Amino acid sequence: MFYPSRHYDRPQPAYSIPQSKRAKGLYEEAMAGFEKIAEEHPDEVKPYIEMIDIAIVNLKDPDRANAIYQRGLSLLSKEDDKAVLARMYGAMRTRLNARPSN
């Protein structure tokens with residue numbers, strides 16, 4: 001028997017759809033999917049992290065990544081989530097200056 005310990009009053013975010021689009025190289029469609037998750041689940045930090053990662057790694061657009069980061073900071077209500085977003089953003093920004101090794 002299975003007795004879940006957590007109960008949700010609404011469906012959980014479907015990250016697999018935008019992640020699949022990203023894997024196929026459909027970066028703008030993936031961004032739109034993560035935007036929708038962020039809108040529908042304002043307490044989730046993960047869609048902001050995913051969008052920042054796409055902006056930096058795939059689109060090479062630091063300005064867009066920064067705009068997403070700033071928006072996440074302003075919309076997230078939990079200080080812990082803001083701290084996670086700040087740490088992840090700082091780590092991902094280092095990828096912009098990384099040079100491929102020979």
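The values are calculated or read from the model by the stated rules, or taken from the named source; none is laboratory data. Not measured: the values here are computed from a predicted model. With ideal geometry, Cβ positions are generated from the backbone for all residues, glycine too; neighbour counts draw on all protein chains shown. These accessible areas exclude ligands, DNA and RNA; they are computed on the full protein's heavy atoms, side chains included. Shrake-Rupley method; radii C 1.70, N 1.55, O 1.52, S 1.80 Å.
With contacts taken as Cα pairs under 8 Å at a separation of at least 6 residues, the chain carries a relative contact order of 21 percent. Just to be sure I follow the rule: in the chain, considering lysines 8 or more places apart or on different chains, how many pairs have Cα atoms under 19 Å apart? The number of close lysine pairs in the chain is 8.
The helix-only estimate of mean residue ellipticity at 222 nm for the chain, built from DSSP H runs of length n ≥ 4 each weighted as -39500 (n - 2.57), is -19500 deg cm²/dmol after division by the residue total. Within the set [x] 23, 14, 13; [y] 20, 19, 11; [z] 26, 17, 13, the number that semi-axes √(5λ) of the Cα gyration tensor in Å takes when calculated for this structure is listed as [z]. For residue 93, neighbours were defined as the other residues whose beta-carbon sits under 14 Å from its Cβ, and their charges (Lys and Arg +1, Asp and Glu -1) total +1. For the peptides 14-24, 65-75, 43-53, the ranking by packing is 43-53, 65-75, 14-24, with the highest mean count of neighbouring Cβ atoms within 10 Å listed first.
For the stretch 12-102, give the percent of accessible area contributed by carbon and sulfur heavy atoms, probe 1.4 Å, rounded to a whole number.
50 percent
Computed over protein heavy atoms with a 1.4 Å probe, the accessible surface of the chain works out to 70 Å² per residue.
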